[in-house]
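Notes follow once the structure below has been shown.
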Amino acid sequence: MTRARQALGAAGEDLAATWYEARGYRVLARNWRCRAGELDLVLRQGTTVVFCEVKSRSSLAFGSPLEAVTPEKCRRIRRLAAMWLAQAEAGAVELRFDVAAVLGGRVEVVEAAF
């Protein structure tokens, strides 16, 4: 991955985290990694823990950011979420899987996307 793409992804994650924090969410983890992969954002509001996949694009040339979250990607995020929950003492009552699409500095969050 090029540095420009890494910077675009990091900027998108910053925008998404700011979007959530402005709505009262607390960031529990950013870029949580294990051998199986990475979770972009793990957030909490009340008793709900949210796992958010952030997709950033500079244009629509390769499709919308939302289109990049495939069924296989959803399955991987669910597996990673189970691993994160096993090692964290989050005490969540409800889990939610969101997707944040960042395009041109604008954030669109789809709550309960999968």
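Here, each number is a calculation from the coordinates, and none is a lab measurement. Keep in mind it's a predicted model, so treat the numbers as computed, not measured. When we count neighbours, we look across all protein chains shown, and the Cβ atoms used for this are built from the backbone with ideal geometry, even at glycine.
Looking at the chain, which longest stretch skips every one of the GluC sites (Glu not before Pro) that is in a DSSP loop with at most 12 other Cβ atoms within 10 Å, leaving the sites themselves out?
Longest gap between qualifying sites, sites excluded: 1-88.
Could you go through region 90-102 in sequence order and give the Karplus-derived ³J(HN,Hα) for each residue, using 6.51 cos²θ - 1.76 cosθ + 1.60 with θ = phi - 60°, rounded to whole Hz, and x for Gly and Pro?
7, x, 6, 9, 10, 10, 9, 10, 10, 10, 10, 9, 10
Taking the chain as a Gaussian network, Cα atoms linked when under 10 Å apart, which of Ala22, Ala82, Ala61 shows the biggest mean-square fluctuation?
Evaluated over the chain, the most mobile residue of the options is Ala61.
Step through the residues of region 8-21 one at a time and calculate ³J(HN,Hα) from phi using the Karplus curve (6.51 cos²θ - 1.76 cosθ + 1.60, θ = phi - 60°), rounding each to whole Hz and writing x for Gly and Pro.
These are the phi-based 3J(HN,Hα) values: 4, x, 5, 5, x, 5, 4, 5, 5, 4, 5, 4, 5, 4 Hz.
Can you tell which of Phe62, Val102, Tyr25 lies farthest toward the positive end of the dipole of the chain, using +1 and -1 charges on the Cβ of basic and acidic side chains (Lys, Arg; Asp, Glu)?
After comparing all options, I get Phe62.
Measure of size requested: the Rg and Dmax of the chain, with Cα atoms as the atom set and Å as the unit; please supply both.
Taking only Cα atoms of the chain, I get Rg and Dmax of 13.5, 41 Å.
Just to check I understand the Karplus step: with θ = phi - 60° and J = 6.51 cos²θ - 1.76 cosθ + 1.60, what whole-Hz values come out for region 24-40, glycine and proline as x?
So the J values, rounded to whole Hz, are x, 7, 10, 7, 8, 7, 10, 6, 5, 10, 8, 4, 7, x, 9, 9, 5.
Could you pull out every residue, at least 5 positions away or on a different chain, whose amide H is within less than 5 Å of the one on Phe114? Hs are placed 1.01 Å off N in the peptide plane, and Pro or chain starts have none.
Residues meeting the criterion, in which the H sits 1.01 Å from N, are Phe97.
Restricting to Cα pairs below 8 Å that are 6+ residues apart, what does the relative contact order work out to for region 3-110? Please round to a whole percent. Write out the running numbers ahead of the final one.
Details: 166 pairs, mean separation 30.9, N = 108.
It comes to 29 percent, rounded to a whole number.
Taking 25 Å as R0, compute the FRET efficiency from the Cβ-Cβ separation of Thr2 and Arg79 and round it to 0.05. Spell out each step's value before the answer.
Values: r = 28 Å, r/R0 = 1.11.
So, using R0 = 25 Å, E works out to roughly 0.35.
Among Ala16, Ala81, Leu43, whose Cα sits farthest toward the positive end of the charge dipole of region 3-110 (+1 at Cβ of Lys/Arg, -1 at Cβ of Asp/Glu, about the Cα centre)?
Towards the positive end, the residue furthest out is Ala81.
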